Amino acid sequence: MEHSKVRDLLDQHTPIMVTVKGATMGLTAGTVTGAIVATLFDRDVPPVNKNVTHPELMRTLKVCGNYGLTFAALGGIYAGVDQLLEKQRKKKDFINGAVGAFVAGASVLGFKGQGAAEWTRAAATEAAGRDSSHAAVS
């Protein structure tokens, strides 16, 4: 593929490309954040095993991967939902971003082991807050 064709492909503002870009940026930011966290804040050194040559490096890579995948999921889900809502509603406003952020947060919270009960409770709290704020304005 020619360089100009690749550039044209990346410049497209389609929902798929925006989702891929969001996930890629999330992966990059998460990996860097994971490296910083593993280097500065995690001081528990794993025990040296005979079958693991560099235990600290392996722990750091696991932390980087965990943070990277979490941030990639957040970025990808947020961008995808934002783009899909923009396409369906034919509006570009803050509601698309708010719903995208809510869905991304609830999805990642559910996958991280909190379970459906936790993010259902969060959704109910959000819905109750929106209803009371709209009632106060009316």
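Bear in mind that the values in this text are calculations on the coordinates, not laboratory data. Model, not experiment: these values are computed from the prediction. All Cβ positions, even for glycine, are placed from backbone atoms using ideal geometry, and neighbour counts span all protein chains on display.
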Tell me the label-point distance for the pair LYS21, ASN66, using the 7 Å Cα-to-Cβ offset, in nm and rounded to one decimal.
3.2
If I model a spin label at PHE102 and LEU57 as a point 7 Å from the Cα along the Cα→Cβ vector, what separation in nanometres do I get?
4.7
